[in-house]
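*Asks:* Here you go, one structure.
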Amino acid sequence: MITVNNVSMRFNLGVEKNFSLKQFFIDILTHKKKEKSEFWALSDINFSVKKGEVVGFIGSNGAGKSTLLKIIAGVMKPTKGSVEIYGNICPMIELGAGFDMDLTARENIFLNGAVLGYSKEFLESKFDEIVEFSELKDFLDVPVRNFSSGMVARLAFSIATIVDPEILIVDEILSVGDIAFQQKSENKMRSMIGGGTTVLFVSHSIDQIKNLCDKVIWLDHGKIKQVGPAKEICDNYKESVLHS
């Protein structure tokens, strides 16, 4: 269902700071060249995911997990390599990214739903279900800019999961909101997994990864360090962290 072929991602990081017009002319007169630094967030990543598999991605901050998911979701284009995908994708990477903060929750349900490809008629038929799951009935006509980050995440999650996609990409979203909603979100994801949805899942909760995933990919400094059964790879990772 998903094949990642030799994917690498490079970023050019400008070292120079505090740019000004005066500095620009000084640099020209002194023939100073703007310094650049290349950073490879991912290097030669290869793996495949079968239909219905739940694959977890673990690694320290900066290991390349979120970058990889964005490439698979089509948000970013890799510097090298390619990704082959068969099936419709629901990316839950930056919940609320498609919201207009000046619009109300009611208006954003239709706006964000349209961004995700849902028709107005479909959203109208599912409106009550979205509101009920989000538990935001009393805040429907409040501008989203007045919401807490947890409320925004609850609304976004409720919209994104109104249908069962063939491929679900999840980046840390099960850690948003209060404990009750976190459990509710996890239960919803479990029901989607039970329905045959293929899931790619990033979380800093190793126990969550171990409990939800079939297979785990351990990334370290942009490279795959280990791939295997969830329990085995999670235990190896925890052992490495404890002794680092």
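The numbers here are math on the coordinates, done by the rules we state, and not lab data. Everything quoted here is computed from the prediction, not taken from an experiment. Using ideal geometry, Cβ is built from the backbone for each residue, glycine included, and neighbour counts are taken over all protein chains shown.
*Asks:* Mind giving me the nanometre distance, one decimal, between the label points for residue 10 and residue 37, set 7 Å out from Cα along Cα→Cβ?
*Replies:* So the two model labels end up 1.7 nm from each other.
*Asks:* Short version: ³J(HN,Hα) in whole Hz for each residue of the range 98-115, in order, from phi by Karplus 6.51 cos²θ - 1.76 cosθ + 1.60 (θ = phi - 60°), x for Gly and Pro, what are they?
*Replies:* Once θ is set to phi - 60°, the couplings for the range 98-115 become x, 8, 9, 5, 8, 8, 6, 4, 4, 5, 6, 4, 6, 5, 5, x, 5, 4 Hz.
*Asks:* In nm, to one decimal, how far is the modelled label at residue 48 from the one at residue 132, with both set 7 Å along Cα→Cβ?
*Replies:* That separation, rounded to one decimal, is 4.2 nm.
*Asks:* Dipole size in debye (nearest 20) for the range 61-192 around its Cα centre, Lys and Arg Cβ +1, Asp and Glu Cβ -1?
*Replies:* That gives a dipole near 500 debye.
*Asks:* On a full-extension model of 0.36 nm per residue, what is the gain between residue 163 and residue 104, subtracting their alpha-carbon distance, rounded to one decimal in nm?
*Replies:* In short, 19.0 nm is gained.
*Asks:* Any chance you could run the full-extension gain for residue 125 through residue 80? It's 0.36 nm times the residue separation minus the Cα-Cα distance, nm to one decimal.
*Replies:* Extending this stretch completely gives an extra 12.0 nm.
*Asks:* Determine the alpha carbon to alpha carbon distance for each of 65/231; 137/188; 65/126; 70/215; 77/215 and list only those over 21 Å.
*Replies:* 65/126; 77/215
*Asks:* Another question, then. Treating only the Cβ atoms of Lys and Arg (+1) and Asp and Glu (-1) as charged, compute the dipole magnitude of the chain about its Cα centre; round to the nearest 20 debye.
*Replies:* Charge dipole, the chain, about its Cα centre: 1060 debye, nearest 20.
*Asks:* Applying 1/(1 + (r/R0)^6) with R0 = 22 Å to the Cβ-Cβ distance of residue 238 and residue 187, what FRET efficiency is obtained, to the nearest 0.05?
*Replies:* 0.30
*Asks:* Now, a different point. Report the full-extension gain for the segment residue 178 to residue 226: residue separation times 0.36 nm, less the Cα-Cα distance, to one decimal in nm.
*Replies:* Result for the pair: 14.0 nm of gain on full extension.
*Asks:* Next up: Under Stokes-Einstein, with the Kirkwood radius over Cα pairs standing in for Rh, what whole-number D in µm²/s applies to the range 103-162 at 4 °C and 1.567 mPa s?
*Replies:* The Stokes-Einstein estimate is 116 µm²/s.
*Asks:* Evaluate the charge dipole of the range 103-162 about its Cα centre and quote only its size in Debye, nearest 20, assuming +1 on the Cβ of each Lys and Arg and -1 on the Cβ of each Asp and Glu.
*Replies:* Dipole magnitude for the range 103-162 comes out near 220 debye.
*Asks:* Using packing as a proxy for protection, rank 142-150, 109-117 so that the peptide with the highest average count of other Cβ atoms within 10 Å comes first.
*Replies:* 109-117, 142-150
*Asks:* Along the charge dipole of the chain, Cβ charges K/R +1 and D/E -1, which of 3, 209, 82 sits furthest on the positive end?
*Replies:* 82
*Asks:* Here are labelled values, (1) 16.7; (2) 13.4; (3) 14.1, and one is the computed mean projected area of the Cα convex hull in nm² for what I pasted. Which one?
*Replies:* Calculated mean projected area of the Cα convex hull in nm²: the matching label is (1).
*Asks:* Separate question: Compute the signed sum of charges (Lys and Arg +1, Asp and Glu -1) over the other residues within less than 11 Å, Cβ to Cβ, of residue 171.
*Replies:* Local net charge: 0.
*Asks:* Next question, about the same structure. For the chain, what does -39500 (n - 2.57) per DSSP helix run (n ≥ 4), summed and divided by total residues, give at 222 nm, in deg cm²/dmol to the nearest 500?
*Replies:* -11500 deg cm²/dmol
*Asks:* So how do 40, 218 line up by other beta-carbon neighbours within 10 Å, fewest first?
*Replies:* If I rank by nearby Cβ atoms, fewest first, I get 40, 218.
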